[in-house]
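Comments concern the structure below.
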Amino acid sequence: MIDPVDWPGVLKRIGGERGMRGQWVKACVGVLIVAGMPASVLVGGTALAGVPGSTSALNLDEKGLALGGYDPVAYFEGGKPVRGREGISASYGGARYLFATAAHRQTFLKEPEKFVPEFGGYCVVGAAFGEKVDVDPTTGQVVNGKLYLNNSRKALDIFNKDMPGIIAKAQDRWPAVKDKAL
C-alpha cells in the first residue's frame with residue numbers, strides 16, 4: 001500500500017500532478033489509493049466550488065459565492081441539491097449563498113448556522129485525510145442535521161461506508177487543514 005503522505009511518489013506512480021480543472025488532486029488520489037480504488041476514477045471529476053490556491057477556511061468562488069451557487073436549505077428540505085437563483089441571496093459568515101426560493105432565503109436567515117456546510121464547505125473525506133479538497137456540490141448530504149460535501153461520487157461512496165469514522169477524523173484534523181491552500 002502507498003503511504004498517503006508520499007505525494008510525489010503517488011503522483012509519479014499515476015503519471016502526473018494535475019487533474020480536475022487544473023487543481024491539485026493529491027488528497028483524493030491518496031484517499032482513493034488508501035481505499036484500494038484506482039486513481040483513474042478522478043478523470044472527468046467535477047469539483048465546482050473553490051478557487052485553486054485559496055487559503056480561506058471557507059470554500060468560496062472568486063466572487064465569494066459558497067456551494068457553487070447551490071441552495072443550502074434545499075439539501076435539508078428537499079433532500080437534494082438545487083441551484084440557487086442570483087436574484088435571491090444572503091450573506092453569512094463571509095460567504096454569499098444563493099437560494100432557489102424566497103422562502104428558502106427566509107428560512108436560512110432565521111437560523112443560518114444550521115444550514116452552512118461543515119468544514120467550510122470543503123470535502124469531508126479530504127479533511128479526514130488531512131487535506132483541503134474542493135467539492136462537487138451535488139454530493140451534498142445531510143447527516144444528523146449537518147451538511148457534508150464531497151469531492152466526487154467516489155469520495156461520497158467512501159463517506160457513506162463509514163460516516164461516523166470519516167466525520168470524527170475530519171473534525172480532529174480540520175484545525176490543521178483549514179488554513180492549507182486548496
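The values are calculated or read from the model by the stated rules, or taken from the named source; none is laboratory data. This structure is a prediction, so every number in the text was calculated from the model and none was measured. Note that each Cβ is placed from the backbone with ideal geometry, even for glycine, and that neighbours are counted across all protein chains shown.
Restricting to the range 51-108, count the residues that are of a type in the set (S, T, N, Q), assigned to a strand (DSSP E or B) and touching a Gly at 6+ places or on another chain (Cβ under 6 Å). Spell out how you get there, then give the answer.
If we filter the range 51-108 for residues that are of a type in the set (S, T, N, Q), which is where we start, we get 54-56, 59, 89, 91, 101, 106-107.
Those left that are additionally assigned to a strand (DSSP E or B): 89, 91.
Filter again for touching a Gly at 6+ places or on another chain (Cβ under 6 Å), leaving none.
Number satisfying all stated conditions: 0.
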Checklist entry - Has the range 80-99 got at least one residue that is at pLDDT below 95 and not β-branched (V, I, T)? => result yes
Checklist outcome for this item: In the range 132-178, anything out of contact with any strand residue (DSSP E or B) (no Cβ under 9 Å at 6 or more places or on another chain) and assigned to a strand (DSSP E or B) is listed as V143, K146
